[in-house]
Each structure stands twice: as C-alpha cells, then as structure tokens.
There are 4 protein chains.
Amino acid sequence: MTIEASKSEQRAPKIRLGMVGGGQGAFIGAVHRMAARLDDHYDLVAGALSSTPEKALASARDLGLDPSRSYGSFAEMAEKEAARPDGIEAVSIVTPNHVHFAAAKAFLERGIHVICDKPLTSNLEDARALKAVADRADALFILTHNYTGYPMVRHARELVRAGELGEIRLVQMEYPQDWLAEPVEQTGAKQAVWRTDPAQSGAGGSTGDIGTHAYNLGSFISGLELDELAADVHTFVEGRRLDDNAHVMLRFKGGAKGLLWCSQVATGNENGLKVRIYGTKAGIEWTQADPNYLWFTLLGEPKQLITRAGAGAGAAAARVTRIPSGHPEGYLEAFATIYSEAAAAIIAARSGASVDPAVTYPTVDDGVKGVAFVSAIIESGKANGAWVKV
Amino acid sequence: MTIEASKSEQRAPKIRLGMVGGGQGAFIGAVHRMAARLDDHYDLVAGALSSTPEKALASARDLGLDPSRSYGSFAEMAEKEAARPDGIEAVSIVTPNHVHFAAAKAFLERGIHVICDKPLTSNLEDARALKAVADRADALFILTHNYTGYPMVRHARELVRAGELGEIRLVQMEYPQDWLAEPVEQTGAKQAVWRTDPAQSGAGGSTGDIGTHAYNLGSFISGLELDELAADVHTFVEGRRLDDNAHVMLRFKGGAKGLLWCSQVATGNENGLKVRIYGTKAGIEWTQADPNYLWFTLLGEPKQLITRAGAGAGAAAARVTRIPSGHPEGYLEAFATIYSEAAAAIIAARSGASVDPAVTYPTVDDGVKGVAFVSAIIESGKANGAWVKV
Amino acid sequence: MTIEASKSEQRAPKIRLGMVGGGQGAFIGAVHRMAARLDDHYDLVAGALSSTPEKALASARDLGLDPSRSYGSFAEMAEKEAARPDGIEAVSIVTPNHVHFAAAKAFLERGIHVICDKPLTSNLEDARALKAVADRADALFILTHNYTGYPMVRHARELVRAGELGEIRLVQMEYPQDWLAEPVEQTGAKQAVWRTDPAQSGAGGSTGDIGTHAYNLGSFISGLELDELAADVHTFVEGRRLDDNAHVMLRFKGGAKGLLWCSQVATGNENGLKVRIYGTKAGIEWTQADPNYLWFTLLGEPKQLITRAGAGAGAAAARVTRIPSGHPEGYLEAFATIYSEAAAAIIAARSGASVDPAVTYPTVDDGVKGVAFVSAIIESGKANGAWVKV
Amino acid sequence: MTIEASKSEQRAPKIRLGMVGGGQGAFIGAVHRMAARLDDHYDLVAGALSSTPEKALASARDLGLDPSRSYGSFAEMAEKEAARPDGIEAVSIVTPNHVHFAAAKAFLERGIHVICDKPLTSNLEDARALKAVADRADALFILTHNYTGYPMVRHARELVRAGELGEIRLVQMEYPQDWLAEPVEQTGAKQAVWRTDPAQSGAGGSTGDIGTHAYNLGSFISGLELDELAADVHTFVEGRRLDDNAHVMLRFKGGAKGLLWCSQVATGNENGLKVRIYGTKAGIEWTQADPNYLWFTLLGEPKQLITRAGAGAGAAAARVTRIPSGHPEGYLEAFATIYSEAAAAIIAARSGASVDPAVTYPTVDDGVKGVAFVSAIIESGKANGAWVKV
C-alpha cells in the first residue's frame, strides 16, 4: 500500500497496431490484445486475423475493426497499411511458428515495428535470415518472451547483475505441463494440432513450445551464455510427430552448469515453469505459477521471501509493476509489460529519441538463440545425447 | 491449455465512461481504469478527476481526455454530460468515502449508471439514503467489492450453492495488513491520511477499509445473512483517530458462527485476506494472495487443490476467467471482472434486454450491509463488546 | 549438516518410571513411552495401565514389565513403589482428565515426580488443590504441554524475550480439527467417548482438549498474562454434551489483544494449531503441522523463513533439537523434549543440584492457568459472551 | 485422531545390538541409536565405537555400556561377541564408507545380522564381494536407506504398485544441499573431511553421499530398473577431491526416462530431496523436508494432498506410522522404521519363522545397485557424459 501513484498512464498518442493471426478460436491472439490494452499504449486498427477469409472478417467485426482494414493476408496488410498516412506503426504476429519469418519480413521491410510471438521461426535458417532483415530494417523487433515481464524475474536478474549471488555455478530450469499426456491432437484440438505438426512448429515439440521459454528465462536472469548441451529427447505419446519431453544437460561459458527439463506429459503440472540459480554467495528460486514471490537465500542466512512491490524488491521490479504488494499480478500483467516496454521504444523511435536504458525486451537475437537452442537439442538427441555446441 | 477461444471480446459498442476522482497521485483510480480497459468494454471520455482544478486538468491531459470534458466537480460533470447526446452512460466514483453519496446521487438521478468504490458511504444514514436513490433510479449501481471477481471465489460460492459443503457451520474471515503499523499518516502519505480521517472515511478505520471486504467476501461465498456480532475494536497506534484492529465474533441467521479479524498493524502481512468456510460435508479455504487456488476438502477425503481453469473448477469460475490454468490471473483481472459484469448489465439495459442470470456484481444492498456492519462493530466496540444486531 | 555431535546421550543412571493409564487401546500412553525412550533418560519399570485388571496385566506383558509391578490401581502402585528401595522415581499420568488430580496427589505426596498429561484436572477446584499439593511436595510436577517442546517454538519465545518483536500487540491462536464433525462418540470410538463426556473431561470439550494447548502455546511464546476474555461457545453436533467450537476474544495485561479459535468440526483440518504474534517491530508465525519452519518478518523487511537448526535459529532451539537442518523433526521429538527437560530437572533433584536455568517445562502453574482459562470461557459462554476476568 | 491403539510395542525379547563407529563427535551413530530406541526392539549392549581407543571407551561410558563390551576394533568385537552366549544378535555399522565391507563381512560370517549405513561400500568390487558374503551368510543384511521408511514414501510406492499411475514415463529425482558450498573440509570439520576424502568415501562425493539416496528412493517408489545413464559430474569448490555436483540423465528398462541432480553447493538448500514420478494416468510428488504430505494427481482431476495417516493414505503407510494425522512425523521416525522392519525380520529369523511379507527394508542388492550407480556416473563423467550401462 505504499504506491501512491499509478504508472499506467502516459501522454504520447497511442500506437496504431495491426495483428496477424489471432482470429476466432485462437488463444494467444486474445492474450496479446489484452496485454496491449492494459497499459493503454496501443489502438488496434487493422488485422489479417485468419488465413480463412470469412473467419478473418468475422474476427475483425468482433473486435470492432473497420472492415476495410481487415485483410485477407499479412502481405496485403503490409502493403496497404504501409501506403496509408494513418497506417499501422506496429504489428503483432501471433500465428503458428512457420509464418513468423515471412510475416515479420514483410512488415520490417516497410518500416513497421514487429511484436512477434515466440519461437522466432520454425527453423534456424529462417531465424538467421530474419535477424539479417531485422538488423538492417528501420523498425524494431520485439519477441514476446513474456515471462521476462514478471516483476520478480526482473528483480532476480537485478540481483545477479548486482553481484548478490556471487559467481554463478548452477542454472536449473524446468517447464513441465501435462496437457499433451494423451494424444489430444488426434481429437482435432486446434492448439494441440499445430503445436505437434512439424510443418507449422518446426523440429521442436515441447522443446520449441516451452523449452525455449525456460531457456530464455534462465538466460535472461543469469546473463550467462550457453556453450554446449547434451540432450535426451523423447516422444512418449504414440503417433506424435514431435518431442513431448526432453532432458538437457547444459554447460555455460565461464564454467557454470545447468539442467533443463521440459515436458508436456508430466501429469499434474499445468505450467510449472521454474528457474533456480545458485551462486557462490546466494541462491534464488522463482516459480511462474506463484510469480509474486522470489526466494533469495544468502549462504548461511535464513531464506528470504521477497514479494512483488514489497520490502527488498528493487527498482527494476518497481518499474514494471502496477499495484501495491499483496495484491497479486499475473500472466497478463507480465505480458502487458512486454507491450509497454515495446511502446516505450516505439514512441522514442517516432522522434528518434534515445530510449530509457531501463527499457528491456527480448530481441531478434534472443529469438535466434532460442531457435539455435532447439536445433542443438534436436541434433544432440539424434546423436544419442552427444554434446553439441550452440 | 484447454481454452480454445478468448472470451474477452464482444461486439457491442463500448460504454462511454466518466470518472470522479482518480487524478494524479491516486492509487485506486488507476486500478479502475486498468480494470475497465482489460476486457475492452469501456471508453473513458470524461472526468472530474480532482477537486483541485489544475490537478484535474493535468490528470485529464495525462489520460488523453478531451479538455472540454474535464470538469471541476462531479456536479458539473453530471449536469453537462447528461445534456450531451454523446454523454457518458456510466461513471466510476473513486473518491474518498465521504464523497460517494452525493456523487452517486447526482449521476443516478440523471440515469447515468454508477460504478462506485467501497465502502458505499461514510455513514449508515447516507447508505440508506443512497439505497433509496438507487432503488428508484433508472440506472444501475455497481459496488466494486472487487474480490468477488476472482474465479476461485466464484467457484467457492458455486460449491456452497450446490450443497457440496452441506450445512455451513463456520465462516472465518481475516484481513491482516501491516502498512499502518507506524503512524505513517503523520508523514502526510495520502493513502494513509484520508483512510485515518473520520471526516473522509467515516467511523471505521481498518473495519471500514478492509473489514468490509472480508465480510462482503464471506457473505458472498457463504450466502449467509449475519444476525448479530460482538466486537473488540482497538487503535494501537498512538494519535490515530480510527481503529487499526478489530476482533469480531459473528452469529449468522440459521445458526452458523464466524470470526472476523481485520488489522492494519499485523507486521509481516501485506493483504492477507483469507476466507475459510466449514460445513457438515466439506470445507473450503481461499487466500487472496494466492488467488488461483482453492482448497476443498470433503470430510474423510484427501484435500483437493482446485486451480483456476483447471480440473474441478466449474462453469461459474470459467465465466470470469481469461487464460488457461497454470498461468496466474491476479487482482486486476478480478477487478476487471466486476467491470465486465457491469458492462453486461449496462449493455442489456441499453435495449431493455434481460441480463444473463449468471451476471453477478455487488449492489447497493451489499453496500448498505457493509456500512451497517461497520456501524454495528463500532457500536459493539463502544459497548465493550456487547452483542449488536445488524 | 553442521551438527558434529549428538546431544541425545548422557551419563546419569536412567530414571525409573511408572505409568498410570496408557494400556491397550490408548493413544497418548504410547506417545509418552516413545517420548520417554527417544533420548534414553528413562526406564519404564511399573504401571497401573488400565482400570480393567486383565487389560492392565495384558498391557504390562506387552510392554515387558515385571508382572509384580503391574498394579490394579494408581493408589496401589503409589503405595508399593514408594516402599521399594528400587521403586519408581517418576510417574507418567496419561489417564482421562478426571483422574489426574487424585493420581498426581498420590505420587507427589510420596515424593515421586509426576509427569502429567494436560489439562491439569477436570475442574478448577481440583486444579487449585493440586497446585497446593505440588507446591508443598518434595517432588517435581511436569505438565506435558508438548507443543512447547518444538525447537521453533523455543526460538519464537526467544525472539520475543530478546525484544526482536518490540512491544507485542496481537496474539492470534487457532487450533482447528475435524475429527468430531460427526457424532463419532456415538459409535463408541474410545478417544471420542471420553473427550465428549463431562464426567471424564470436565466442563470443556474442544476448549479443554485443544483450546488449552493453543492458549498455553500463545502464552509460552508471548510471555503475556491474560487479563480477560469474551467467548462464544457452541456445540454443533446434535447430542454432544460438550462444546466442539469456541470463538474467544482476549485482552492481555499490558494492552495486547488476541483471538483464539478452537474447533473439532472444521472440515479439512487435522491438527491445525497455529500461533501468530505481532509486535511493533516484527511478527512471527508458526504452524504445528510444519513445525520445522518459523516465519519472522521485521517491519519493512522481507519475510524470513527460519528453519530448525538452520541459519538464524538460535541457542534456545539448538538445545532441544537432535539432527541437522533439512531433516524434519516432528511431534514425537517435541514430546521427547518435555521428557528430557523433565529428566534434567529430576536428575538434578536427585543430588539437590541446581538445574540448568535453560531447562524449561510446563508446570503446575501453567496447568492451573489452563483450567482457569477453560473455566472462564465456559462462564463467558454461558453469560452470552460477557467479559470474564481470568 | 482416528488411531485408537499404538503400534509401537510388541512382546518379543529385545534384540541385543552392537555398534561399530558412532563414537563421540559422530552424527549418524546417534541417529541410529535414537532410531533403534524409538520402537523399543533393541538393547545396545556392545560397541567398537571409535578407532581411537580412549575415545571408544569414553563413548561407551557415555552410553552406559558395560566397559568389558567396549572393544578396540570391530574384529575384536565380532570375535568376542560371537563367543558369548549372550552376545549381540545384530550390529549397526556406522563408520565412514571404506570400513563397511570388512566390518560387515566379519559379523555376517559369524551369523550376526548387520544393519549398515549407506553407501554399501566405497567401491564396486567390495560391493560385489559383500553381496557374495551376505548371500551365503546365515544372517540378514539391512542397508539404512532411511528415506524408504517415510510413510508417504511407502504410500507412493503402493500407488505405483497398484497401477494408479498407469505406465510410468518419468522419474525425476533431486537432492540439493549447500553445506559444502565453501571448502569447509579445509577447516577440519569432521563430517566434511571424510565425505570429501576418496580414501574414506570412495570415488563419489555428492553422488555417493546423496545421489545414491535419491536414486534409491526413485527406484524404491517406481519399481523401475535403470538401464543406462549419462552424467555431467563436476567439482565446483577448488581443491576438493570429489564431485560436489552431478547432472545425470537416466533411461530405465521398459522405456521410462529420468533426471537426477545432486548437489552440495546449491545455496539455500538444506536437504532438498525430492522425487516426482509421472505415469500415463497420474503423477506423484514428494519432498523430504515436508514428508507428511504426498501430492497425487490423476490426469484431468484436481490435485490431491494426501497426508500421513489421513484420508487416502493406505495400509502400506499405516503399517509404518505411529501417531494420528496432523501431528508430523519426521526423519528419526522414518529411520526408526528401518530398524523396526529389521527387527521384525530378525525376530522371525530367531525361530526360523517366515517374515510378514509386508516387511520391507533395503538389502545388499540395493546396496550393490547404489554403488554400481555411482560407479557408472563417475565413468560417464570421465567419458564426457557418454551413456554407460549399469
């Protein structure tokens, strides 16, 4: 109850936003829209919401879009919006993975900022090509590794940066789920179908869908660069075409070690993302399902439970939170933070102003790392767990 | 991960919303605005954001309001907006308690729906008068007892209604905080100043500020009516003019008993709102700080941990949630649910359509009960804990 | 893992112990015997284990007692053992409450130390009489308020004594169970039968059985003296002759306040004993079901989780624990601590040596306070919750 | 509170017990003694408590042993006790690992039952030789993998056996500690010195000390046989001669997979032993620090928290517990269960009776598996994580 003023408002004109994907029946599109709305920096004004024209139109109507700005394809949207004086300044790409590359390229090349769902692309070749496009584009590229938006994740990272953990020895990451414990993709469930289809998802199943999240988060907090990995990759559910479980041993540059486990068949787990980092001086533990808490233990001292906006939660966390301690923030708030960080950068870019150095969001480089990580896991898995450099 | 479609969008034109209070430096105003935005049913178009004219104007500018719709007083806003063809349809009242009555009256009498922060008013006389106004008004009155918007609270209530708990015997409520453990109001902290000022808050300190929340929540879930109470009311911090701790014994109609404890001096507690209800067949426990979980135990069976949108969370919870299980929702989402329930009712009211009976929000009657509850506590406290009928 | 040596052994000859009650079918007798054995200070050599002669004998045989030292009554045992040169030095009394007084008197008056289950007696008159006996006896009286033996309870008390909490404002105690949610005494279950029988238990049901435990524990940790109370006492289960739920408001000497809730009908609770104490500088919270943890929060600092034998657990806890941190100790260990504290006092008494001032166990005075507490609750309950001095 | 009778007593004459190791300054010896005492099946009557004669004698005196039965070496004790008509029937071996083989052999070959601390031996050759000795001996061999004595571990195993989990897919084990995060062995701390000394411990550091515990527990519950493993073994603390962290990927016969992590440098962990097992139908999770709870989740159902002696905890758990639910049992109780299971087998062996098939304790075969496991880890570690058959 010590926050005396809101941080959710600001003065700049809202950013005109388009969306690719996210039509009726989609899950993540709605999440992006709620995230964009929460802190009020965006106006959704255009969409290519579905590859099925009538669904695209119906979805646009649901969202109150001007029908003339509901497009049949991202390509058409990119072209026409770029030509309008009041065209979109940014676009959210929320399609299955295999579409990310072409869509992002179309907008970036026209100077339209891209906010793209993860993983970056469905293969490493596309990822590198997209990086090349992004690097030379006159537009920003933001990857929605949304878990980096949680205040206590920011605080964890700040603790590492401030040296509070000493030299890091261990980075343990896990992301167990159970929603694919049975062959639900065979029932036609949309979320399961595309996530288990190599053509839409790429070579990684659980590894690409959630392993990348865990890896991104461990890297984000620890600041470490991965050197090599050895993986045991498996598909438990008969008939499934992509992995649904992976065990990965990690060696970071500088000598730290790690483990990563991702699973979609771990019965009783919903979204059990957890990161634990141990250094010579202290250890931290964070669990996504209870995100307002961070365990922090100095060697030889009692465990501390630091709460979002509570005592001991520093400036990095405070920057990205909205309400006082004890009133929980959740997934949508963390997702909204990615949008608001993007907004800060986009608004600065309007005028060529420099961005506040505190602004932090995942970039195309993080995306390339994620795809390279999955690629290395798959390679190691095929080589019976041989160590593979990333 | 089984939610295949979003529920956050709908087709009706957005509701034109005004706000009274909530200018720069306010906390709850920003919360109301985020709540109104999340599910996209409202457009904030007018405001009387501060009783200080220049602050009102600056606040309106921050929020991107048309300066001509930034008013110097709620009275002016009520009059002028009611006269506009595109005037506000609803208003949020987020001032200190003593303003609620007059402001709500001004809008209700002009047919403008009111969404009002709790407690209803600063005294019982005003509360009853406001109820009379609301009852005869051609407009809805919604009280933002926001905790009733949490999905697992809805599920808890559904379990009670379905008879899963059997006959209820005990309703235990507590809401400990520690932010007033020291005389922070003497440092001028705005949130503390008005909450400890009888002129602005009414006769209840912790009882009015948070005790009402706990009581409302216990009543909402249990469906029980309070019969009488006995209270030990105390002010621990020297110089404070309102209570900062209360112990209350409760007797409900029909024979159930309860305890309510509210405190603003319980060191180590942020917003420890907790409700536990025990019946002849089962018990439930819910804690606001971890709102995505509900403990449910049938007598003689293992404890069950039901998760938001997870297995066992029924239709009442599903109606008011946005994302799959395992990704936490928080305080703002619950608050947004009150706004969205209000929107459903307001939209139906536009056309005189009947409201979906599932739509649930706290009403003026809940508000009167809350003020009567505080009034009875204060009366019992003054009578050294004698039983007082409510 | 930093404890390098055991503290469970010592050199003095073992104490010759007798037992009254605790025959076949008893629960608490076996607990006392395990507690007596754990730290190896006692030899059980005699018993009046049951008021049914054949059961007494069979029980003695089970325990490997010399049949000649299995007695038909406590009176016989007191007389004959007192006459033996190798007679018992101490006796454990583990009968239903109404027997405590006469049995304890018989042994105390013969100079045999008494270790007695709680509550002290079944009524206040007996309690005061027993105190008089104990005060003039040449023997020690130890009451097994076993929860005071938990290391983190000792640490909590130490924190209060050291002033770490500042001035105490609130002492919140609760002890919910659910094992009497149905009329199980009507099925003949032995534990339920005597605990709901006024002739054997006294005037308090849940209040005497578990309310006294909670009260004793809150008093032990806080060091506060109760001034007065107001209680709402109730029996939910039809046909039950003693209370199964009580709500009590407390006022301590010096100005602190408290709440106590005990229940045997709170569905889903096993032995939910919990004590929370809040002072001007810090708060602590301890839960019996998870006894190796103590929450400690300094105002304005992160919450600390202090673990048994871990960092921050001081000397008072270390004195009464056996194994390193991270390996849990439980109920039997805490119970054993009462026996070992008693042993230290008894061994000192053998030679007239002074006892280590760190030795701590509940006394007859604590017992009188407990019975007076129940008596005051019952009185207040009958007076519709009027305040009663204790 | 539904347990009506104790299970801690029985009629058979106590087992005469000796002890090798466990003198002054030892930690685990005292634990074994408390475990042997708790359920009252043993009398400690002889010892070779230290390899230092005067320390052996002083230790024997502390324990009240007849000085004539305090021996200078295990060899002397084996010889002389075997020759006495009232000689020991069983011996506890609680020395550093490298002594286990010779000591166990000396007693087994004389028909004296052996209760031996883990790991079985300090190398695989000794382990296999000891198995040969045990297999042909006229005496029992019990290995104190004490965690298998926890009631909820027994229940977990019962759930697997009963098919409640379906086909097991994943066995995840971890045992993080932090007590060797710094080079404490260089300060001379006894527990650290021998545990980091290859001559006393064998080739495994954290792997032998705690990795074996985690592996044993995962195997005990799952009933699975390991096929092969790949390990990344590391020593973080400079100058340490044995591993202090290991990451191990596991493949079980039949197709299940697993991960095992053991660490003695994971800052903030005391004894974080945790086992999680996921099958096609359900998953279970158990944590040693909170041993009275078992999480059990059927796919598509709410999570269940099963408590020791509470609803849903079956016969296998009830066999090995002492007190009603809600009163926690801990590490010593679980350890005592191993002793009591051993006692049941030893008492049956006295008369050649068959043992109750419910009696369960770790055997020499479990010991060989444990040593082979460590050996395979070390081999894989040296081969840069290549897969090694076990």
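Identify all residues within segment A:62-89 that are surrounded by fewer than 23 Cβ atoms within 10 Å (Cβ to Cβ) and assigned to a helix (DSSP H, G or I); write none if there are none.
Selection gives A:Asp62, A:Pro67, A:Ser68, A:Arg69, A:Ala75, A:Glu76, A:Glu79, A:Lys80, A:Ala82, A:Ala83.
So which residues in segment C:272-298 are polar (S, T, N, Q) and either closer than 22 Å to C:Glu228 by Cα or out of contact with any helix residue (DSSP H, G or I) (no Cβ under 8 Å at 6 or more places or on another chain) (or both)?
Passing the criteria: C:Thr280, C:Thr287, C:Thr297.
Can you name the number of the only condition in (1) within 14 Å of another protein chain (Cβ to nearest Cβ); (2) under 20 Å from C:Ala137 (Cβ atoms); (3) more than 24 Å from the chain's Cα centre (by Cα); (4) not basic (Lys, Arg) that C:Leu65 fails?
(2)
Go through segment D:246-269 residue by residue and tally those that are surrounded by fewer than 24 Cβ atoms within 10 Å (Cβ to Cβ) and assigned to a loop (DSSP other than H, G, I, E, B).
Total meeting the criteria: 4.
Among D:Val133, D:Val94, which is assigned by TED's automatic domain parsing to the domain that holds D:Leu49 and surrounded by 21 or more Cβ atoms within 10 Å (Cβ to Cβ)?
From the options D:Val133, D:Val94, the qualifying one is D:Val94.
Would you point out the residue of segment A:11-43, among those that are facing chain B (nearest Cβ under 7 Å) and more than 21 Å from the chain's Cα centre (by Cα), that is modelled with the highest pLDDT?
A:Gln24
Among the numbered criteria (1) buried (at least 20 other Cβ atoms within 10 Å of the Cβ); (2) without any contact (Cβ under 8 Å) to a residue 60 or more places away in the chain; (3) under 30 Å from B:Ile306 (Cα atoms), which one does B:Asp178 miss?
(2)
Looking only at segment D:374-390, how many residues end up being crowded, with 22+ Cβ neighbours inside 10 Å and of a type in the set (S, T, N, Q)?
Going through segment D:374-390 one residue at a time, the tally reaches 1.
Do we have any residue at all in segment C:320-334 that's more than 10 Å from chain D (Cβ to nearest Cβ) and among the small types (Gly, Ala, Ser)?
Within segment C:320-334, not a single residue is more than 10 Å from chain D (Cβ to nearest Cβ) and among the small types (Gly, Ala, Ser).
For segment A:212-242: of the residues being over 13 Å from the mean Cα position of the chain (by Cα) and assigned to a helix (DSSP H, G or I), which is nearest to A:Asn97 (Cα to Cα)?
A:Ile221
Residues that are polar (S, T, N, Q) and farther than 30 Å from C:Gly312 by Cα: does segment A:312-325 have at least one?
Yes: segment A:312-325 contains one or more residues that are polar (S, T, N, Q) and farther than 30 Å from C:Gly312 by Cα.
Within segment D:177-200, can you find the residues that are within 11 Å of chain C (Cβ to nearest Cβ) and outside any helix (DSSP H, G or I)?
Answer for segment D:177-200, where residues must be within 11 Å of chain C (Cβ to nearest Cβ) and outside any helix (DSSP H, G or I): D:Gln177, D:Asp178, D:Trp179, D:Leu180, D:Gly188, D:Ala189.
Do we have any residue at all in segment B:150-162 that's at negative phi and facing another protein chain (nearest Cβ under 9 Å)?
Checked against the condition, which is being at negative phi and facing another protein chain (nearest Cβ under 9 Å), segment B:150-162 yields no hits at all.
Regarding A:Arg154, is this residue in a helix (DSSP H, G or I) and either under 18 Å from the mean Cα position of the chain (by Cα) or crowded, with 19+ Cβ neighbours inside 10 Å (or both)?
The answer is yes for A:Arg154.
State yes or no: is A:Leu229 out of contact with any helix residue (DSSP H, G or I) (no Cβ under 6 Å at 6 or more places or on another chain), within 22 Å of D:Val171 (Cβ to Cβ) and at pLDDT 95 or above?
No: the conditions fail for A:Leu229.
Tell me, please, whether a residue that is touching a residue at least 60 places away in the same chain (Cβ under 8 Å), closer than 27 Å to D:Gly29 by Cα and in the same structural domain as D:Ala313 (by TED's automatic domain parsing) can be found in segment D:221-228.
yes
With the condition kept exactly as written, say whether any residue in segment D:41-48 is of a type in the set (Ser, Thr, Tyr), touching a residue at least 24 places away in the same chain (Cβ under 8 Å) and assigned to a loop (DSSP other than H, G, I, E, B).
Within segment D:41-48, not a single residue is of a type in the set (Ser, Thr, Tyr), touching a residue at least 24 places away in the same chain (Cβ under 8 Å) and assigned to a loop (DSSP other than H, G, I, E, B).
Is it true that A:Tyr339 is within 21 Å of the chain's Cα centre (by Cα), more than 9 Å from chain B (Cβ to nearest Cβ) and not β-branched (Val, Ile, Thr)?
For A:Tyr339, the condition - within 21 Å of the chain's Cα centre (by Cα), more than 9 Å from chain B (Cβ to nearest Cβ) and not β-branched (Val, Ile, Thr) - is met.
Between a first residue in segment D:101-126 that is over 18 Å from D:Ile28 (Cα atoms) and a second residue that is aromatic (Phe, Trp, Tyr), which pairs have beta carbons less than 7 Å apart while being 6 or more apart in sequence or on different chains?
Note: pairs meeting the criteria are D:Ala106/D:Phe74; D:Leu108/D:Phe141; D:Asp126/D:Phe101.
Taking segment C:160-209 as the region of interest, how many residues are among the aromatic types (Phe, Trp, Tyr) and farther than 30 Å from C:Leu299 by Cα?
Qualifying residue count, segment C:160-209: 2.
Step by step: first the residues of segment A:265-282, then only those that are within 9 Å of another protein chain (Cβ to nearest Cβ) and within 21 Å of the chain's Cα centre (by Cα), then the one that is farthest from D:Thr235 (Cα to Cα). Which residue is that?
Here the residue is A:Glu270.
Here's the yes/no breakdown for (1) under 24 Å from D:Glu285 (Cα atoms); (2) away from chain C (no Cβ under 14 Å); (3) crowded, with 24+ Cβ neighbours inside 10 Å:
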| site | (1), (2), (3) |
| --- | --- |
| D:Ala106 | no, yes, no |
| D:Val114 | no, yes, yes |
| D:Leu124 | no, yes, no |
| D:Tyr147 | yes, no, yes |
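The values are calculated or read from the model by the stated rules, or taken from the named source; none is laboratory data. Computed from a predicted structure; not experimentally measured. Cβ atoms come from the backbone with ideal geometry, glycine included; neighbour counts cover every protein chain shown.
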